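Chemist: My structure is below; once you've seen it, I'll send some questions.
The values are calculated or read from the model by the stated rules, or taken from the named source; none is laboratory data. Quantities reported herein were computed from a predicted structural model and do not represent experimental measurements. FYI the Cβ positions are ideal-geometry reconstructions off the backbone, even for glycines, and counts take in every protein chain you see.
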Amino acid sequence: MATINTDDNNLETFSLLWLDAAIHTSTENQEAQKQLRACINHVIPFEDPNLCQRHIQTTSSQDRLVLIVSGRLGREVVPVIHQIRQLSSVYVYCMDQEGNKKWAKDFKKVKAVAVNLNDLIFQIKADQKKRVKEEDPIVINIFTAGGNLDQSTTGVNGGVVHSLLLIDVLLRMKPMKGEKRELIEFCRKIYKGNETQLAIIDEFEAEYSPKSALWWYTRESFIYKILNRALRVQNIDVIFLFRFVIRDIYNKLERHQCQSSIHVYRGQVLSNDELKNLRSSIGSFLSINSFFSTTTKHQQAMQFILDSDVTNDLYRVLFVIDADPSASTTKPFADISSHSEFGHESEVLFMIGSIFRIKSIRQTDDQIWKIHMIWCDENEHDLISLFNYMKESYGGGDNETDLLEFGKVLRRMGKFDLAEKFYRRLLIELSSNDPLLSRLYYSLGLVLKDQKKLDSSLEYLHKSLELEVRRRPQINTTLVQRYNAIGNIHRVKKEHDRALLWYSKGIALLEKNNEHDDEMMAHFYHNTALIYDDQEKYEQALKLNHKALTTRKKCLPRNHSDIGLSYNNIGNIHRHMSNYDCALEHLHQSLSIRQQSLPPDHPHIAQSYQNIGAVYEDMGDFAQALEYFEKAVAISRKLGNNNDVVRIENIIREIRQKLK
C-alpha cells in the first residue's frame, strides 16, 4: 500500500481532506488516495466529522482545502463549513446521487456528486489544474511613504524591508556545491510515495538548467506548488533550498526585461477584509512577497474571475497595472510567453518584492472591483533609504554574500533559532584556519545572547576576540565590536563592573586611534546607560541615552531600529522616574519606528507593547494595560517564547483581577 503523507506540515497551498466513516477500512479508498496525490500531495483522511471540521476551521486562510465527503456526513458538515474562506471545493462521493444532489445544489462549493470513484478522481484532477492558478492566494503588504513617523502603516513597513533584504542576500549568494542535490533530496522526502511527482523530480534532476528556469516555474509541478507557498508564508528553510531557482528566474527576467511601457491585468478573488484594506489605502504602496503573474490579455483575466466562485464574503477583483521600465530597477518584469509551458497565456511575470502604488479602486456595473495600480521603482518610496543602509551591512552593491550575511538578516528579523542553525551549518563547512572563522564566532556569540544562552555566547565572543588579537588588525573596529559585545554579556549577567571595564577598553581604543565611529560610540553610550538604569542612577542614564539618540540620528536613517531602541530606553527611564506622560511619548515613538524597521512578529515589538502596558498599569489604566499586554503575548506565542508567554499571562491575570 502507498505511503500517504498525513502529517500537517503541508508545503503546498492545497490539501485534500477525505471524510468518510469507512475511510480506513476501504481498500478502494486507499488506492484512490494514491491516485489523487498526483494532483494534491497532502491527503488527510477523517472518520470523525468534528475533527474534520476543526481542522478546516483552524487551517490558515492563506491555504486552500478540497474536501471529499460521504453523502450522510456531507449533509451534516457542509452547511457548517461552506462559508469558510480556506475551503475551496467539495465533492460528494455517495451511493444515492439524486438524493444528495437535492441538498448539494444549495452550496456553490459542491463541484460534483459522484457515485463512481473513477469519475470522481477524473473530475478532481481536471478541476485542480484550474484551481492551482485561479485560487493561488497572494499576500499584500500595504505601506505609506514619507510623512510623519506616527502616521505610518502599523507593523507592515518593517516586514517589507526584511523580505526585500532576504531575497537580495539570496540573489547575491555565491552558488554552493551540491545546492541542486540538496533541493532534490528534500523534495523526494516530501513526495515519498507520490509516483507522479517523483517522476517529475527525476526529470528535474536530469534536465534542469538556468535557461529552463521559467519553463519549470510555469509547469504544473512541485516547483510552482512549493516555492509560491514558501514565499507567501516566508518559510525560510524552503526559500533557502530554492535559492538557485529564484536566482535563475531573476536572471531570466532581467535578461528579458520589458523595454517599453505595458498595460497588464490579473484576476483575483479577495475577501471582504482584504478588499476593505485596499480601498482604505488609495495612494499607498503595495508590495507582493512572491512572484506576481499577470497577463496582457484583458479577456483572459476577466474569464479567470468570472469562472471563480464567490460566496458572501468574497469579491471578484481585476488588477489593472501600468508599468514603465524606463526607470532603473532591481525588480525586473518580463513577458515570459516564449519561455513558459503555457505560451498562449501572454504572461508577464513580476519579480518577488515588486512594489506598486494604488491609484484608484472602483466597482464596475458587472460587480467587479477594478483596482488600478502603477508599478514603482525604488526611488518612489522611503523604505529605500533604510533598505540601502541595511544592504551595505550585507556586502552592498552586487557583492557576493554567504551564510554569514544570510544569518545576519535572519537575526535582525528576530529569527534567532534559524540564524543559529545556518551559522552552525557554516561552522561545519569551514576549515580551522578559514579567515571567516572570527566573524562566524562573533555572529554566533551575538545570536546566542539573543537566545539568552549567555555562557555559550561569551565562549564564542572570546574565541573571536582571540583570533582578532592574533591577527593584530590595523583597523581596530573589529576589536571594538567584540569588546562591546563581551561587555553586553556581563551587563546582562548583572556583572556591572566587568561590563564597564570592557566598554572602557573599547572607547579607549577608538580614542587612541582617532577613529570616528559614531555608530559604535552610540552603542557604548546606550549600553552604559542601561547599567546606570539598573543601578537607579536615572539622571546619568537619561543623559547618556539622549547622547546615544542624538548620535544615532546623525548617522542612521530616521526609521532605523537603533533609534527606536534609544526612544524605548528613554521611555523606560521616565517610567522608573514616574514621568508617565513622557514615558508614553517616547515608548510610542519607539513602537512606531520599530513597526517600520522590524517584522511585525519581532521580539522588540513585543517588548514595546509590554513596556507601554507597564506604564498604563502603573497609571492605573488597567483596560489600556490589558490591551498592550495581550498584543505582546500574541507575538510571544507566535515566536514560541514559552517563558515570556507564561510571564506575560501572569501579568494579564493580575490585571484582569484589578479590573473586576
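Chemist: Considering only residues that are out of contact with any strand residue (DSSP E or B) (no Cβ under 7 Å at 6 or more places or on another chain) and within 16 Å of residue 59 (Cα to Cα), look in the stretch 1-21 and name the one that is modelled with the highest pLDDT.
Modeler: Here the answer is 11.
Chemist: Every residue in the stretch 372-382 that is at pLDDT 95 or above and farther than 19 Å from residue 290 by Cα, please.
Modeler: Listed by number, the list holds a single entry, 372.
Chemist: Could you list all residues from the stretch 558-577 that are surrounded by fewer than 22 Cβ atoms within 10 Å (Cβ to Cβ) and not in a helix (DSSP H, G or I)?
Modeler: Scanning the stretch 558-577 gives 558, 560, 577.
Chemist: Further question: Look at residue 501 and say whether it is in a helix (DSSP H, G or I), without any contact (Cβ under 8 Å) to a residue 40 or more places away in the chain and in contact with a Ser or Thr (Cβ under 8 Å, 6 or more places away or on another chain).
Modeler: For residue 501, the condition - in a helix (DSSP H, G or I), without any contact (Cβ under 8 Å) to a residue 40 or more places away in the chain and in contact with a Ser or Thr (Cβ under 8 Å, 6 or more places away or on another chain) - is not met.
Chemist: Which of the residues belonging to the stretch 289-313 are within 30 Å of residue 162 (Cβ to Cβ) and modelled with pLDDT of 90 or more?
Modeler: Within the stretch 289-313, 290, 291, 292, 293, 294 meet the criteria.
Chemist: Do any strands (runs of 3 or more DSSP E) lying entirely in the stretch 266-366 carry at least 3 residues that are charged (D, E, K, R), and which ones are they? Can you show your working first?
Modeler: Values: elements: 285-288, 292-295, 314-323, 333-335, 347-350, 355-363.
Of the strands (runs of 3 or more DSSP E) lying wholly inside the stretch 266-366, those with at least 3 residues that are charged (D, E, K, R) span 355-363.
Residues are listed down the side, and each one gets a yes or a no for (1) more than 24 Å from residue 559 (Cα to Cα); (2) in the same structural domain as residue 285 (by TED's automatic domain parsing):
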site: 356; (1), (2): no, yes
site: 367; (1), (2): yes, yes
site: 374; (1), (2): yes, yes
site: 390; (1), (2): no, no
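Chemist: Additional query: Residue by residue through the stretch 32-73, note down the ones that are loosely packed, with under 14 Cβ neighbours inside 10 Å and of a type outside the set (Gly, Ala, Ser).
Modeler: Within the stretch 32-73, 48, 50, 51, 54, 57, 58 meet the criteria.
Chemist: Out of curiosity, is residue 554 basic (Lys, Arg) and closer than 24 Å to residue 386 by Cβ? Explain how you work it out, then say what you get.
Modeler: On the way: basic (Lys, Arg): yes; closer than 24 Å to residue 386 by Cβ: yes.
So residue 554 passes the test.
Chemist: Now for a different question. Looking only at the stretch 513-523, decide whether some residue is free of Cβ contacts under 8 Å to residues at least 24 places away in the same chain, surrounded by 15 or more Cβ atoms within 10 Å (Cβ to Cβ) and either basic (Lys, Arg) or not assigned by TED's automatic domain parsing to the domain that holds residue 462 (or both).
Modeler: no
Chemist: Which of the following residues is charged (D, E, K, R) and buried (at least 18 other Cβ atoms within 10 Å of the Cβ): 585, 649, 627, 617?
Modeler: Going through 585, 649, 627, 617 in turn, the sole match is 617.
For every residue, the table says whether it meets (1) under 31 Å from the mean Cα position of the chain (by Cα); (2) crowded, with 21+ Cβ neighbours inside 10 Å.
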position	(1), (2)
435	no, no
445	yes, yes
451	yes, no
456	yes, no
459	no, no
469	no, no
477	no, no
480	no, yes
494	no, no
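Chemist: Out of the residues in the stretch 367-382 that are of a type outside the set (Asp, Glu) and either in contact with a helix residue (DSSP H, G or I) (Cβ under 8 Å, 6 or more places away or on another chain) or part of a strand (DSSP E or B) (or both), state the one that is farthest from residue 596 (Cα to Cα).
Modeler: Looking at residues that are of a type outside the set (Asp, Glu) and either in contact with a helix residue (DSSP H, G or I) (Cβ under 8 Å, 6 or more places away or on another chain) or part of a strand (DSSP E or B) (or both), I get 368.
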